[in-house]
1. Using beta carbons and a limit of 9 Å, which pairs, at least six apart or on different chains, have the first residue in the stretch 98-113 and over 15 Å from residue 88 (Cα atoms) and the second one at pLDDT 95 or above and basic (Lys, Arg)?
2. Name the residues in the stretch 97-109 that are touching a strand residue (DSSP E or B) at 6+ places or on another chain (Cβ under 9 Å) and of a type in the set (Gly, Ala, Ser), would you?
3. For the condition surrounded by 13 or more Cβ atoms within 10 Å (Cβ to Cβ) and modelled with pLDDT of 95 or more, what is the one hit in 103, 29?
4. Looking at residue 93, is it near the ligand (Cβ under 7 Å from one of its atoms), loosely packed, with under 15 Cβ neighbours inside 10 Å and not small (Gly, Ala, Ser)?
5. Take the conditions within 12 Å of the ligand (Cβ to nearest atom) and closer than 16 Å to residue 119 by Cα and apply them to residue 41. Does it pass?
6. Report whether or not residue 70 is more than 8 Å from the ligand (Cβ to nearest atom), at pLDDT 95 or above and not polar (S, T, N, Q).
7. Restricting attention to the stretch 3-12, which residues are within 15 Å of the ligand (Cβ to nearest atom) and assigned to a loop (DSSP other than H, G, I, E, B)?
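The values are calculated or read from the model by the stated rules, or taken from the named source; none is laboratory data. Fair warning: this is a prediction, and the values are worked out from it, not measured in the lab. Positions of Cβ are backbone-derived with ideal geometry, glycine not excepted, and every protein chain shown enters the neighbour counts.
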Amino acid sequence: MFLRIDHVGIACHNLEEKIEFYESTFGLVVVSREVNEAQGVREAMLHVADGEGGTSYVQLLEPLSPETAVGKFLAKRGEGVHHIGYGVADVSKAMAEIAAKGVRLIDERPRHGSMGASIAFLHPKDVGGVLTELVEAPRA
Ligand code: MC0
């Protein structure tokens, strides 16, 4: 079902500082920056590698306010890995297959994600404590 790890989402207090750290320490390059009001985040995608199943990124996430998903996560757990995003060919199909196995979908239908992707989140309580995201990249 999964084509690749599309991205690892990392929650941080200060996006600019964290970008600078990832660039200077690991040599990663920012390929996209967006504000996603619906998700309550300011975020940056940093290219990691290209593989057969597509491209993998690190996604740095700064909350737009303390009441957002990432804001609440930071207050409770501090900075660190917030979610794993897996690449899928068809997000609606993957959602239906996974829901049929009893995993709760947070999103009833796909939503707008980074770089034009269609995304959907699975509840962390049904995935061993890991907030899991399905990512369908836009067609070329
Ligand atoms: C919360 N919990 C997590 C978690 N966030 N567990 C693992 N990983 C996370 N990231 C746990 C809490 O510790 C708590 O467990 C329980 O879930 C309920 O959390 P809460 O703080 O009371 O918050 P809720 O229930 O209001 O919301 C949690 C939920 C929410 C996961 C449903 O954060 C959500 O809908 N997330 C999906 C959207 C999202 O995260 N958007 C931001 C990234 P205990 O045991 O204490 O009860 S947007 C994004 O990434 C886009 C731009 C993209 O990739 O393109």
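1. That search, which allows pairs on different chains as well, returns 104/125.
2. Hit for the stretch 97-109 is 99, nothing else.
3. Within the list 103, 29, the selection yields 103.
4. The answer is no for residue 93.
5. It is true that residue 41 is within 12 Å of the ligand (Cβ to nearest atom) and closer than 16 Å to residue 119 by Cα.
6. no
7. 12
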